[in-house]
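A.B. asks: Quick one: this structure, given as structure tokens, is what I'll be asking you about.
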Amino acid sequence: MDRIQSLEMRGISKSFQDVKANREINLTVSSGEILGLLGENGAGKTTLVNILYGLYHPDDGQILINGEPVRLRSPKDSMRAGIGMIHQHFMLVEKHTVLENIALGYAEAPFLFPQRSLRGRIRELSAQYGLDVDPDKPIWELSAGEQQRVEIIKALSRNADLLIMDEPTSVLTPQETDELFDILRKMTSGGHSVILISHKLEEIMDICNRVMVLRKGQVTGEARIEEVDKGKLAVMMIGRQIAAAYPKTDIDPGDAVLEITGLDVDSDRGLPAVRGLSLVVRRNEILGIAGVSGNGQQELVETITGLRQPLSGSVMMKGVPLDHADARKAHTLGITHVPEERIKYGIVPNLLLYENSVLKRHRDEPFSNWIQMNYAVIKDHAGKLVDGFNVDAPSINIRVKNLSGGNIQKLILGREISGGPDLLIAAHPTYGLDVGATEYVRKQIIELRDKGGAVLLVSEDLDELFMVCDRIAVMFEGRFMGQVTPDSCTIEEIGLMMAGSTLQEA
Amino acid sequence: MLDIIVSVLTRTIIAGTPLLIATLGEIIAERAGILNLGMEGIMSAGAVTGFIIAFTTGNPWLGMLAAILVGMLLSSLHGFVCITLRANQVVSGLALTMLGLGISGLWGKPYIGRPLPQRMPRLDISGLSDIPVLGDIFFNHDWYVYLSVLIGIVIWFLVKHTRMGITLRSVGENPKAAESQGIPVNRVKYLAVMTGGGLAGMAGAFLSTAYSGSWNEGMVAGRGWIVIALTIFALWRPGGAFLGAYLFGGIFVLQFMLQPLGVSPNLLAMLPYLSTLVVLLIYGLSKSGQRRMSAPATLGEPYVRGGR
């Protein structure tokens, strides 16, 4: 097959159950070009590239390579057509060497001693694109940057002309990122093209020739990179108008509940995620944290809820320091948590609804005494939650995994706020919920605030933050770029802060 | 004294042979991520099938072939339950053991205690067999012994140095990565489990048509369980299977040799499991050991295609 001169996706639509992940998307990319694909989580970027890689099949629309329509039914088809994909989580066998990983499934590798014959090819590609990596090392000994180079070599060795990279820099150090961009520039000057998924505006400006912005499954903007700046990109990404806030009683915030000073936290990869961050949340107050995800929000939430050990700085809950990662202690001090990954961390899918309704409090009176669970009280409590929080469940005796996402979230929220916590940490509480459930969850959060609770709400959805919060802080690379109140700021200001400018500059 | 040593070593090789064959089989299955605890049952079924076919046809080769087929058939059942239905591999494996033992009891009833007219012949290598001491130890065995060594070398080579081996290992380590490179993951798993089962059946046939030349219920006598331990002892490597099989075979022989001297055979029967624990302990204590010697990463986990 000829090299890919141009690739076009025309009118691509894809739905999962009722959710329209992609609607009528048109995309073109030509040889020598880097196209940035920008959008919030859930905007449909990954779905779109998975269609291109043959993992999903579009409901509608077609794909053309060099003007000819092609059908991509599996990754094999896509590979044969010259499309290579580098997933965010590398598809490498940790225990195997670089050579073995490249030989896996590689049709041109000989049956006997495949590693040996590949060595020359790898060396060639390494030299050509500056992909420096030791072919005999096992993957687990390599840094994230090196592993990514292995993935690139793997794609190139299969003659990929178009490389799709899903958030390639999320696991890299700044230096590794620069090296990656050098490699990408070398590749495009050799006629390759790249689709780069990112939600880091800086990077898009740095490396891309063109950018396309997705929002809620639709293309909301497309431009050559010279025509835009970071602020414009941020606005394209978050949308135009801001919805009106929910009616809220004006209450002056009370005493400080949570006080954080000079907090530093590392990510799983050992890279700094939260840097010298300070904040205060008071009674009767909802503090929203805005920002593109991956800027340290998750690490911040995990630190407050006792799931992650901070490097330095202090977290004070009602004057009591939380200096060790200890989820139990955080809970005892009155912190409750609606986690980002609700199925994974919010419930035990195989336990029954009533058992899930008392998680974390199951060891306290009146749900249990020193040896026995008090199921009568627990079931009574579960019944009240189901009624009080509109959980649509046939019975409290069913496994929680059989509930819909919205009902699971209502149950979690009910469980977390029914005890009247001092502080609720809610991470993306309405992500993936339908309109009704979303509204319900938001109103419950406001009600908790009215009753004297403090809330820290992390969300990517600016509408949500403006509708619910009393104050909004914008987080970028582990720091706050500024704090605003919803009624006294513009979407452009927020956009600029999300792109890394401070409020003064904005 | 020399006589005793020669005799111990000769019998060690014989006792190690069924362990070697079946362990190679289990290694292949586990390298593809499928734990097969049904080895005891498959070996029993192989033993009885091998015996019946060899007895009725008078040809031990046909017995071996039939045993391999039965082993493949039984393990494909395990494959269906674990791969296609994605059920619990431990439960399915244990059930397979029961099934195999039951089948062998049922089929073997009329043949209990009847001697086999024609056992698997010895391989006479002229010249080599006559070498004193070495000839007796190494070159005076039946075909199974040499076949097992040959199979072991071939498997070692395939696993280590061929594309097929990389595919097999990758499927057990990271099936998603394999799938993303167009490998038919479940087909590879089926082939691996069935190959493993075939080898277990062959090991069973060795016991009834070469080792003892008769069928008796319970004649596999826990070897299927030793094979599971041996697979771990060998750290899932064919080379380790050689070492382990002959070592455990030697322990087997010593159980009988040392009994008159007052050493409890129960103590020695314990050794295979004890030494497996020791090996795990030694490698478990060092970080690099953990990394390099650990079990296939997705061993025992069902693979869901396209899952996240």
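A.B. asks: Which of (1) part of a helix (DSSP H, G or I); (2) buried (at least 19 other Cβ atoms within 10 Å of the Cβ) does B:LEU35 not meet, given it meets every other one?
C.D. replies: (1)
A.B. asks: Only one residue in B:PHE256, B:PHE242 is over 20 Å from B:GLY197 (Cβ atoms), open to solvent by 40 Å² or more (accessible area, probe 1.4 Å) and at pLDDT 95 or above. Which one?
C.D. replies: Answer to the selection: B:PHE242.
A.B. asks: Please state which of the following conditions B:LYS189 fails to meet, knowing it meets all the rest: (1) within 14 Å of chain A (Cβ to nearest Cβ); (2) assigned to a helix (DSSP H, G or I).
C.D. replies: (1) is the only condition that B:LYS189 fails.
A.B. asks: Kindly check whether there is at least one residue in segment A:67-82 that is assigned by TED's automatic domain parsing to the domain that holds A:MET165, part of a loop (DSSP other than H, G, I, E, B), over 23 Å from A:MET187 (Cα atoms) and touching a Ser or Thr at 6+ places or on another chain (Cβ under 8 Å).
C.D. replies: yes
A.B. asks: Considering only residues that are assigned to a helix (DSSP H, G or I) and at the interface with chain B (Cβ under 10 Å from one of its Cβ atoms), look in segment A:107-122 and name the one that is farthest from A:ARG158 (Cα to Cα).
C.D. replies: The selected residue is A:ARG116.
A.B. asks: Out of curiosity, is A:MET85 open to solvent by 10 Å² or more (accessible area, probe 1.4 Å), assigned to a loop (DSSP other than H, G, I, E, B) and either modelled with pLDDT of 90 or more or more than 8 Å from chain B (Cβ to nearest Cβ) (or both)?
C.D. replies: It is false that A:MET85 is open to solvent by 10 Å² or more (accessible area, probe 1.4 Å), assigned to a loop (DSSP other than H, G, I, E, B) and either modelled with pLDDT of 90 or more or more than 8 Å from chain B (Cβ to nearest Cβ) (or both).
A.B. asks: So which of A:ALA21, A:ALA43 ends up being farther than 18 Å from B:ALA177 by Cβ, of a type in the set (A, V, I, L, M, F, W, C), in a strand (DSSP E or B) and at pLDDT below 90?
C.D. replies: A:ALA21
A.B. asks: With aliphatic (A, V, I, L, M), away from chain A (no Cβ under 14 Å), open to solvent by 10 Å² or more (accessible area, probe 1.4 Å) and not in a helix (DSSP H, G or I) as the only criterion, which of B:ALA221, B:ALA210 stands out?
C.D. replies: B:ALA221
A.B. asks: Could you pull out every one of the helices (runs of 4 or more DSSP H) wholly within segment B:108-181 that has 3 or more residues that are surrounded by fewer than 19 Cβ atoms within 10 Å (Cβ to Cβ) and within 14 Å of another protein chain (Cβ to nearest Cβ)?
C.D. replies: B:143-161
A.B. asks: Just checking, how many residues over segment A:335-385 are among the charged types (D, E, K, R), within 30 Å of A:SER293 (Cα to Cα) and surrounded by 14 or more Cβ atoms within 10 Å (Cβ to Cβ)?
C.D. replies: Selection size over segment A:335-385: 3.
Every residue, every condition in (1) within 12 Å of chain B (Cβ to nearest Cβ); (2) modelled with pLDDT under 90; (3) surrounded by fewer than 19 Cβ atoms within 10 Å (Cβ to Cβ), yes or no:
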| site | (1), (2), (3) |
| --- | --- |
| A:LEU52 | no, no, no |
| A:LEU64 | no, no, yes |
| A:LYS76 | yes, yes, yes |
| A:THR97 | yes, no, no |
| A:GLY105 | yes, yes, no |
| A:GLU124 | no, yes, yes |
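The values are calculated or read from the model by the stated rules, or taken from the named source; none is laboratory data. Predicted model only: the values in this text are computed from it and were never measured. Quick reminder, even Gly has a Cβ in these numbers, built from the backbone with ideal geometry, and neighbours come from all protein chains shown. SASA here: full protein model, heavy atoms, side chains in, ligands and nucleic acids out. Shrake-Rupley method; radii C 1.70, N 1.55, O 1.52, S 1.80 Å.
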